[in-house]
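To start, the structure under review is shown below, and the notes come after it.
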Amino acid sequence: MIKPVKNEMQPKMAVEIAGIKLKNPIMPASGTFGYGEEYAPYLDLNSLGAIVTKGLSLKPKAGNNTPRICETVSGMLNAIGLQNVGVDAFIKYKMAYLEQYSTPVIVNFFGNTQDEYGEVAARLDDVPGVAALEMNISCPNVKHGGIIFGTDPRAAFAAVSLVRKRTSKPLIVKLTPNVTDIQITARAAEDAGADALSLINTLTGMAVDVKTRKPRLANIIGGLSGPAIRPIAVRLVHQVVQAVKVPVIGIGGISRAMDALEFLIVGARAVQVGTANFVDPNAMATIIAGLEEFCREEGVADINDLIGTLEL
Amino acid sequence: MKNLKTIVLSNQEISPGYFRMKILAPGYNNTAKPGQFVMFRVQRSLPPLLRRPFGIFRAGFMPADCDSMQPKEFIELIYKVVGSGTEIMQRLHQGDPVELLGPLGEGFDLGVAEEEKILVGGGIGLVPLYMLAERMVETSRVRLLMGGRTRDDIIMVTEFERLGVETYVSTEDGSLGEGGMITQVLKRKLDKFPKSTVFACGPMPMIDAVQKICFERGTPLQVSLEALMACGVGACLGCVVKGAGHTEVEPRYLCTCTSGPVFNAENLDWNKIEVTVVGSGGCK
Ligand SMILES: Cc1cc2nc3c(=O)[nH]c(=O)nc-3n(C[C@H](O)[C@H](O)[C@H](O)COP(=O)(O)OP(=O)(O)OC[C@H]3O[C@@H](n4cnc5c(N)ncnc54)[C@H](O)[C@@H]3O)c2cc1C
Ligand code: FES
């Protein structure tokens, strides 16, 4: 704050991913921001780099039984079960709402078969206002024994290839961290035509109530998010950036500007903020302001000058 | 609605394990409705990570004094220490910074003026009934049935009585008031005043029993439910309950934070309610 000269400038915050121009590198992580509307009373949606919707499926999805969430050390487990209104209702009601904002809308989607993935992508293809698709491949492939698409590089390659054929929108593939070597799935997604990769989705986890001896989640296993997973996420982003040419969006436990900077420095072009939105609905605005302040203090004229500058 | 960065005005133990916290809350006095809640951020650092939901006990203002020319608006919470978050809360002092998101959710519908009202509160479930009683006594006769495991769980009796509410106390161990369950008192009151509307808040087994009694008699019932919440604003979908007519094929999940916490009993699916709500309730 006391470095006078550098303080004057307004650093450039805009970044570009797969042809989409973002005002800044900050966007919400799918599933932590509803369909945008829920947070509009607390946060100016136009201040964000992008809006990422809750994951959509072909048909509306009920989700899991409760309890669906539980707090853990510096994190939380969730097993919501991808409850959503379905792609058609989204287009009709939720998209109509989001169109009043200038912020690019990235629509997250999933399926339980290759064809379902393809069909959802196709239905979103000619929807104006959808800037890009984010494909969640952390779902079970019901036609192949329920193996998660994202943990089987061949299934991931096939599903992404099919979606690629059915959409002309920029395609972001969201990777699961629950694999032995993430570079393999990252390359599979890139080879299949992904324009960008986002990672990480939640780490699978479990918690037990020792008095009742029951799992704390009705679904038994859930996805771990929050500050607890950040070092793992930074490591995985670092590894993926080495392995692919397409841009990478970093996700995992970001709640402050300093956290976002770690991801940018290892090479993420943008980042998603998840659990932190629950803790503070204003978190993303605070992070954006924090990034600007960091650039000013460090004399960085353009945030892009920080991306991928890890000193080894 | 916004996130309010504010301070604690006072924080006192009112019964073993129960605390009453007054928080500076500009804007709440005119907007907070009975049954609404806040998402409370205990401290800026971790733990806990998530905010905790608390019903608003009371909203009001302190008259202007020499320090400030404006009257100071405040809210009060009453909480029971049950875990990591409330353990930190009990150690907060006057002037400590806290954050409030709210007022959130759908509160109670005050119903028809003049008609008789019966409020049923178990333990910490008494909290949201205070503001409700405060509004209702202006136009209706209000009876309050207070229940708890033991005498320590019966809180705020004098406060309710000062409002002009008729109070009836029962404890499971008989240490205060009538011995036994609150529901037997409810049955007697409904026999005597069958035209009453019932408003209930408390642990899930109590709510469930109250629902059965009211359903059998066709008594209108509003319930305030608890659920584990992460966001409080309808985004995480962690807090859902099954609504009336819920099936696997046509799911009807309602968010406790936005469609509730107060529900008309007829809008909920009572067959499956126990698995969907935090079973232990706030009254442990
Ligand atoms: C709308 C609403 C209004 C509430 N109003 C009040 C109130 O006025 N006063 C009050 O004392 N409490 C109230 N609660 C409950 C309160 O939110 C929990 O007691 C609190 O979150 C526990 O936090 P903790 O960190 O101390 O406990 P944790 O360490 O999180 O949990 C300790 C124990 O409490 C249980 N628990 C946690 N959260 C809840 C919950 N939401 N409901 C029931 N049990 C829970 C856990 O299952 C666990 O057994 C309300 C809850 C809701 C949803
Ligand atoms: S608490 Fe997040 S949706 Fe209700």
> If you go through the stretch A:173-183 one residue at a time, do you hit one that is under 20 Å from the mean Cα position of the chain (by Cα), surrounded by fewer than 19 Cβ atoms within 10 Å (Cβ to Cβ) and in a helix (DSSP H, G or I)?
Replying inline: yes
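For the subset of the stretch B:232-251 comprising residues that are surrounded by fewer than 23 Cβ atoms within 10 Å (Cβ to Cβ) and either closer than 13 Å to residue B:270 by Cα or small (Gly, Ala, Ser) (or both), which member is modelled with the lowest pLDDT?
Let us first name the residues in the stretch B:232-251 that are surrounded by fewer than 23 Cβ atoms within 10 Å (Cβ to Cβ), namely B:234, B:243-251.
Now restrict to residues that are either closer than 13 Å to residue B:270 by Cα or small (Gly, Ala, Ser) (or both): B:234, B:243-247.
Values: B:234: 96, B:243: 94, B:244: 93, B:245: 89, B:246: 87, B:247: 83.
Within the stretch B:232-251, the match that is modelled with the lowest pLDDT is B:247.
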> Are any residues in the stretch A:256-312 β-branched (Val, Ile, Thr), assigned to a helix (DSSP H, G or I) and more than 14 Å from chain B (Cβ to nearest Cβ), and if so, which ones?
Replying inline: A:265, A:266, A:287, A:288, A:303
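What tally of residues in the stretch A:70-97 results from selecting those that are in contact (Cβ under 8 Å) with a residue 60 or more places away in the chain and either in contact with a helix residue (DSSP H, G or I) (Cβ under 9 Å, 6 or more places away or on another chain) or over 18 Å from residue B:241 (Cβ atoms) (or both)?
The number of residues fulfilling the criteria is 7.
Residue by residue through the stretch B:210-249, note down the ones that are acidic (Asp, Glu) and away from ligand 1 (no atom under 13 Å from the Cβ).
To start, the set of residues in the stretch B:210-249 that are acidic (Asp, Glu) comprises B:216, B:226, B:248.
Correct list: B:216, B:248.
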>> Looking only at the stretch B:40-70, how many residues end up being under 16 Å from residue B:233 (Cβ atoms) and more than 9 Å from ligand 1 (Cβ to nearest atom)?
In response: 1
> Take the residues of the stretch A:76-93 that are surrounded by 22 or more Cβ atoms within 10 Å (Cβ to Cβ) and outside any loop (DSSP other than H, G, I, E, B): which is farthest from ligand 2 (Cβ to nearest atom)?
Replying inline: A:87
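Only one residue in B:122, B:111 is within 16 Å of ligand 1 (Cβ to nearest atom) and more than 14 Å from chain A (Cβ to nearest Cβ). Which one?
Of the residues listed, the single one that is within 16 Å of ligand 1 (Cβ to nearest atom) and more than 14 Å from chain A (Cβ to nearest Cβ) is B:122.
How many residues does the stretch B:1-44 contain that are among the aliphatic types (A, V, I, L, M) and within 14 Å of chain A (Cβ to nearest Cβ)?
Of all residues in the stretch B:1-44, those among the aliphatic types (A, V, I, L, M) come to B:1, B:4, B:7-9, B:14, B:21, B:23-25, B:32, B:38-39, B:42.
Applying the additional criterion that residues be within 14 Å of chain A (Cβ to nearest Cβ) yields B:1, B:4, B:38-39, B:42.
Within the stretch B:1-44, residues that are among the aliphatic types (A, V, I, L, M) and within 14 Å of chain A (Cβ to nearest Cβ) number 5.
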> Restricting the first residue to the stretch B:246-272 and requiring it to be on the phi > 0 side of the Ramachandran plot, which pairs with a second residue that is in a helix (DSSP H, G or I) and not aliphatic (A, V, I, L, M) meet a Cβ separation below 9 Å and a spacing of at least six or different chains?
Replying inline: none
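To keep it simple, each residue is scored yes or no on (1) in a helix (DSSP H, G or I); (2) within 16 Å of ligand 2 (Cβ to nearest atom); (3) crowded, with 23+ Cβ neighbours inside 10 Å.
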site: B:173; (1), (2), (3): no, no, no
site: B:187; (1), (2), (3): yes, no, no
site: B:190; (1), (2), (3): yes, no, no
site: B:194; (1), (2), (3): no, no, no
site: B:199; (1), (2), (3): no, no, yes
site: B:206; (1), (2), (3): yes, no, yes
site: B:211; (1), (2), (3): yes, no, no
site: B:219; (1), (2), (3): no, no, no
site: B:230; (1), (2), (3): no, yes, yes
>> Only one of B:262, B:241 is at the interface with chain A (Cβ under 9 Å from one of its Cβ atoms), farther than 23 Å from residue B:49 by Cβ, within 15 Å of ligand 2 (Cβ to nearest atom) and among the hydrophobic types (A, V, I, L, M, F, W, C). Can you tell me which?
In response: B:241
> What residue, of A:45, A:124, is aliphatic (A, V, I, L, M), within 14 Å of chain B (Cβ to nearest Cβ) and out of contact with any Pro (no Cβ under 7 Å at 6 or more places or on another chain)?
Replying inline: A:45
> Got a number for residues in the stretch B:138-171 being part of a loop (DSSP other than H, G, I, E, B), within 23 Å of residue B:76 (Cα to Cα) and basic (Lys, Arg)?
Replying inline: 0
>> Tell me the residue from A:233, A:243, A:196, A:228 that is within 14 Å of chain B (Cβ to nearest Cβ), under 17 Å from residue A:263 (Cα atoms), under 20 Å from the mean Cα position of the chain (by Cα) and of a type outside the set (S, T, N, Q), please.
In response: A:228
> Only one of (1) part of a strand (DSSP E or B); (2) at positive phi fails for residue B:95. Which number is that?
Replying inline: (1)
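Just to verify a result, which residue in the stretch B:37-72, among those that are assigned to a loop (DSSP other than H, G, I, E, B) and within 16 Å of ligand 2 (Cβ to nearest atom), is surrounded by the most Cβ atoms within 10 Å (Cβ to Cβ)? Explain how you work it out, then say what you get.
The initial filter retains those residues of the stretch B:37-72 that are assigned to a loop (DSSP other than H, G, I, E, B), namely B:42-51, B:56-57, B:63-71.
Filter again for within 16 Å of ligand 2 (Cβ to nearest atom), leaving B:48-51.
On the way: B:48: 22, B:49: 23, B:50: 27, B:51: 24.
Among residues in the stretch B:37-72 that are assigned to a loop (DSSP other than H, G, I, E, B) and within 16 Å of ligand 2 (Cβ to nearest atom), the one surrounded by the most Cβ atoms within 10 Å (Cβ to Cβ) is B:50.
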> List pairs: first in the stretch B:67-93 and aromatic (Phe, Trp, Tyr), second part of a strand (DSSP E or B) and within 16 Å of ligand 2 (Cβ to nearest atom), Cβ under 9 Å, 6+ apart or cross-chain?
Replying inline: B:79/B:40; B:79/B:52; B:79/B:54
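The values are calculated or read from the model by the stated rules, or taken from the named source; none is laboratory data. As the structure is a prediction and not an experimental result, all values here were calculated from the model. Here Cβ is always computed from backbone atoms with ideal geometry, including for glycine, and neighbour counts include all displayed protein chains.
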